[in-house]
Amino acid sequence: MKHAISCWEEISATITNGEKLVLLLDYDGTLTPIVDRPENAVLSPDVRELLKTLSENDSILLGVFSGRRLKEIKSIIGLECIYYCGSHGLESEGFESPVAEEALLKVQPTVSEVREKLSPTVSVFDGAFLEDKKYSLVLHYRLVNDAEKQNIRKSFEKVVKPYIGGGFVIKENKMTLEFLPDLEVNKGAAVNALKKHLRNAGVNSFSTVYVGDDETDEDVFRILTDGDVGVAVGRRESLAKYYLEDAEDVCLLLRSIVALFCL
Ligand SMILES: [Mg+2]
């Protein structure tokens with residue numbers, strides 16, 4: 001893998017090839033550093049300003065693709081007229097989600113049922129908490145004692161096991177386990193849905209840049225094509241062609257894109 005800033009010339013040639021640049025960014029661990037609790041992940045004023053500048057450029061189509069709920073990521077970013085994808089592809093705004101809303105409504109009673117069962121289990125462990133994302137449940141265990149981490153994972157898996165295979169799966173991310181419907185939707189499917197939406201809208205010539213730090217972002221790197229640019233943050237083992245060290249590096253990349261397109 002190559003460092004994206006060191007290869008800026010190569011990347012800038014690729015992303016100015018089409019009429020438009022489709023710039024898609026993950027949020028946690030990409031636009032913000034990794035933190036103990038999701039509510040502590042805050043956008044720096046610098047990054048917020050860069051996103052605003054990028055969103056106002058006619059040659060750039062900006063999107064934020066997060067695992068968070070759509071309404072949550074929208075309120076955090078606070079920009080109108082950009083694309084949003086929430087819940088790892090289950091929800092979207094600005095383009096049609098790869099999954100129908102009816103399918104999501106159908107899974108909700110089961111998610112509530114599992115939440116009732118999981119809550120007492122999770123509360124036994126100091127530092128662990130369960131996030132209710134309406135269509136899925138996320139166990140956060142970063143703050144649990146190292147000695148107890150394996151135990152909470154096992155307890156979680158024991159409770160959700162009867163539902164796995166029956167339309168639900170477990171998705172693993174950094175110090176989280178997520179119980180969610182198996183709708184064969186992921187961020188990769190969401191990126192493809194956006195690309196299809198753009199082509200239907202007459203935007204045919206574009207290059208896609210996708211920047212993300214987690215396992216769920218690999219689903220995007222897998223579907224990117226030759227004219228696209230995948231950038232993995234904080235990881236060297238990835239399907240992405242390029243990497244960046246951390247959110248600070250991402251800020252530098254955004255600055256370079258602003259300099260290329262907006263100045
Ligand atoms: Mg992330």
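The values are calculated or read from the model by the stated rules, or taken from the named source; none is laboratory data. It should be emphasised that the depicted structure is a prediction, and the values quoted were computed from it without experimental measurement. A quick note on method: Cβ atoms are made from the backbone with ideal geometry, for glycine too, and the neighbour counts reach across all protein chains shown.
Numbers below:
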| quantity | calculated |
| --- | --- |
| Selection from the range 241-260 of residues that are under 17 Å from Gly63 (Cβ atoms) and in contact with a strand residue (DSSP E or B) (Cβ under 6 Å, 6 or more places away or on another chain) | Val250 |
| Among the candidates Asp228, Asp214, Asp219, residue that is surrounded by 14 or more Cβ atoms within 10 Å (Cβ to Cβ) and touching a His at 6+ places or on another chain (Cβ under 9 Å) | Asp219 |
| Members of the range 225-238 that are touching a Leu at 6+ places or on another chain (Cβ under 8 Å) and either more than 14 Å from the ligand (Cβ to nearest atom) or under 21 Å from Leu54 (Cβ atoms) (or both) | Gly230, Val231, Ala232, Val233 |
| Among residues of the range 169-182, those that are surrounded by fewer than 20 Cβ atoms within 10 Å (Cβ to Cβ) and either within 14 Å of Asp219 (Cβ to Cβ) or not basic (Lys, Arg) (or both), counted | 9 |
| Residue within the range 139-153 that is crowded, with 19+ Cβ neighbours inside 10 Å and over 24 Å from Glu116 (Cβ atoms) present | no |
| Within the range 188-219, tally of residues that are farther than 19 Å from Ala247 by Cα and within 16 Å of the ligand (Cβ to nearest atom) | 4 |
| Positions within the range 85-96 being buried (at least 22 other Cβ atoms within 10 Å of the Cβ) and at negative phi, in sequence order | Cys85, Gly86, Leu90, Glu91, Ser92 |
| Subset of the range 163-179 (residues that are within 16 Å of the ligand (Cβ to nearest atom) and in contact with a Phe, Trp or Tyr (Cβ under 9 Å, 6 or more places away or on another chain)) | Lys171, Met175, Thr176, Leu177 |
| Residue list for the range 73-93, restricted to those being modelled with pLDDT of 95 or more and out of contact with any Leu (no Cβ under 8 Å at 6 or more places or on another chain) | Ile73, Lys74, Ser75, Gly78 |
| The range 220-263, residues that are modelled with pLDDT of 95 or more, among the hydrophobic types (A, V, I, L, M, F, W, C) and over 21 Å from Ala41 (Cβ atoms) | Phe221, Ile223, Leu224, Val229, Leu239, Ala240, Ile257, Val258, Ala259, Leu260, Phe261 |
| When residues of the range 10-36 are limited to those that are among the hydroxyl-bearing types (Ser, Thr, Tyr) and more than 20 Å from Leu70 (Cα to Cα), the one surrounded by the most Cβ atoms within 10 Å (Cβ to Cβ) | Thr14 |
| Residues (charged (D, E, K, R) and touching a residue at least 24 places away in the same chain (Cβ under 8 Å)) located in the range 1-47 | Lys2, Glu19, Lys20, Asp26, Asp28, Asp36, Arg37, Asp46 |
